Structures are given as C-alpha cells and as structure tokens.
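Here is the structure we will look at, set down as structure tokens.
Read the figures in this text as sums done on the coordinates, not as results from a lab. None of these values were measured; they are calculated from a predicted model. Cβ atoms come from the backbone with ideal geometry, glycine included; neighbour counts cover every protein chain shown.
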Amino acid sequence: MKDRNALIKKINKKLIERFGIPYRAEIPPDPLDMILATILSQNTNDKNSYKAFQNLKTEYETWEKVRTANVASIENAIRVAGLGKQKSNAIKNLLSELFEKRGALSLDFIRDEKSDDALVYLSSFKGIGIKTASCVLLFALEKDVCPVDTHVHRIVNRIGIVSEKDRDKTYFSLNKKFPKGVAHPFHTNLIRLGRQICKPKNPACKVCPIEKLCNYEVKNFEDVNIPERNDFMLLDHVN
Ligand code: SF4
C-alpha cells in the first residue's frame, strides 16, 4: 500500500507538470446540485450536460418544482444531454425518494458521514451508481476518493496500480486507503490523459508523461496524432 501510494503521488506530480493543477472552485458545489449534474453528464460531453443543467434551473427554479413536475416535461428540458427518459426518471426518482426519506431536498447531512457510508447512502438511490456517488464525494464533499470513469479504469489498470476487469471493482481497489490530498488532480488529469493520450486504441505512449511509471505490456511507440492541448475538454466522454 505504501509503495502503491508513492506511485500514485509520483504519477500525480507528472500529470500536474503536463496538464497543470485542475481548476477547483473555492466554494464546492452543493451535493444535491452535484449529483443531479452528474446524472446529466452520463454519456455526453461537458457542454451539453452543462446546458441541460442550466435548462432545468431556468425552467423550474427550485428542485422542489422539478420533484413535482411530470417526467415528460423534465425529459424535454434536458433533451440536449441525451438519454432523456433514463435521466429524467433518475432525477425524478432521486428527488422523490430523498423527500420521502428526509422530508427535505438537501444532501447536506452527508457532509459529516464517513466516505464509505456516504457512498453506500448515495448509491442506494435507483439510477445512482458508484461512479456518480463518488463524484459527489470528491467534488462536493471534498473527500479523498478517486472516482473511476472509463478513462480512469483503463489507465490505472494499464499502469498496473490495480488489476480489475470491472469499473466498480477498480474503484474499490484503487480507493483502499487512497493517499490524502491528491484525489482531485489525480482523477481530473487522468481523464485528460485518457482523452488526449492514453486512448482505448493506439495509446500515444511515445509522448506520455508517465510512460516510465507505466507497466502496460503492449505500449504503442508509433507516432499518433493527438488533439491540441486545449481541445481535449471538448471531446465526448463516456461515463
Ligand atoms: S505509457 Fe501508454 S499505456 Fe501507459 S499510461 Fe501512458 S499512454 Fe497509457
């Protein structure tokens, strides 16, 4: 565990040298806003999920109004983010269930919970998986956990930090005593690496900033066209 955490810190340092320290808002997002935004971000790009979130806020003003709206009208408001039926059902269900359980539309009470307990609670809602729940932990609650999306899953397995076939299993292996204070830049910059350099096919190992730290058995040292540094945030990503 000690060696593994030292490796994670070394990788984090190299990624910061390459991509910089990712922006982090001084005031973290509200956990309920965050979980709804993360539902909207599934299988679309950042621009469209942001637009869908803004549409919801503009059209309904409060989450209470979304809770009592019908699913078809929510679906209409978030159409730009795709998977409208699935996402509108997940949003409506989450708000209704939260209201039933707590009598209020707020997730502030989980701020003081341990990470594992907060993860179990959030992922108990229908349509909320480990990845979405762990994003709330990292981005809204500032816990030391590294969410695992498709990029993080692929890269940490290629490097050899974990050896798991399943994304959620990767999350639990990776987050066993994850080092303090590095989860945000590590997670965010791994996604950048995955979008730009360590792609599913033909990874650009020749220009990879962590090549010396990676144990992938079939590295690719052919020349690969990679997007301009500033383009990667606009590329579609699959959660
Ligand atoms: S060396 Fe290649 S496989 Fe390893 S992380 Fe870098 S791009 Fe990915």
(request) Using a 10 angstrom cutoff on alpha carbons, build the Gaussian network for the chain and name the most mobile of ILE226, ILE39, ILE155. (result) ILE226
(request) Express the relative contact order of the chain as a whole percentage, based on alpha carbon pairs under 8 Å and six or more residues apart in sequence. (result) 25
(request) Between VAL207 and THR68, take the C-beta separation as r, use R0 = 41 Å, and let me know the FRET efficiency to the nearest 0.05. (result) 0.20
(request) Compare CYS208, CYS135, CYS198 in a GNM of the chain, Cα atoms joined below 10 Å, and give the one with the largest fluctuation. (result) CYS208
(message) Can you compute the modelled spin-label distance between VAL218 and ASN5, with each label point 7 Å from Cα toward Cβ, in nm?
(response) 3.5
(request) Rank these for me by crowding, LYS114, LYS9, going from fewest to most other beta carbons within 10 Å. (result) LYS114, LYS9
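Give, in whole angstrom and from largest to smallest, the semi-axes √(5λ) of the equivalent ellipsoid of the chain, with λ running over the eigenvalues of the Cα gyration tensor.
Values: eigenvalues 216, 84, 43 Å².
Result for the chain: semi-axes of 33, 21, 15 Å.
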(request) Pull out the extension gain between THR58 and GLN86, defined as 0.36 nm times the separation in residues minus the alpha carbon to alpha carbon distance; nm, one decimal. (result) 8.0 nm
(request) Determine ³J(HN,Hα), in whole Hz, for all residues of the range 176-188 in sequence, where each value follows from phi through the Karplus function 6.51 cos²θ - 1.76 cosθ + 1.60 and θ = phi - 60°; x replaces Gly and Pro. (result) 6, 6, 5, x, 6, x, 10, 4, 5, x, 4, 4, 5
(request) Kindly express, to the nearest 10 degrees and within the range 0 to 90, the angle between helix 150-159's C-alpha long axis and the longest C-alpha principal axis of the chain. (result) 30
(request) Return VAL162, VAL156, VAL207 ranked ascending by Cβ neighbour count within 10 Å, so the fewest neighbours appear first. (result) VAL207, VAL162, VAL156
(request) Sticking with the crude label model, points 7 Å out along Cα→Cβ, report the distance from PHE109 to TYR23 in nm, one decimal please. (result) 3.5
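So for ASP30, ASP117, ASP149, fewest C-beta neighbours within 10 Å to most, what's the order?
By the 10 Å Cβ count, ascending: ASP117, ASP30, ASP149.
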(message) Output the 0 to 90 degree angle, nearest 10, between the alpha-carbon long axis of helix 84-102 and the longest principal axis computed from the alpha carbons of the chain.
(response) 70
(message) For a quick check, take a GNM of the chain with Cα springs below 10 Å and name the residue from ASN220, ASN48, ASN189 with the largest mean-square fluctuation.
(response) ASN220
(message) Give the lysines reachable from LYS199 as a straight Cα distance under 23 Å; neighbours fewer than 8 places away on the same chain don't count.
(response) LYS9, LYS10, LYS13, LYS14, LYS47, LYS131, LYS165, LYS169, LYS212, LYS219
(message) What does the extension gain come out to for ARG79 and LYS177, with contour length at 0.36 nm per residue minus their alpha carbon separation?
(response) 31.4 nm
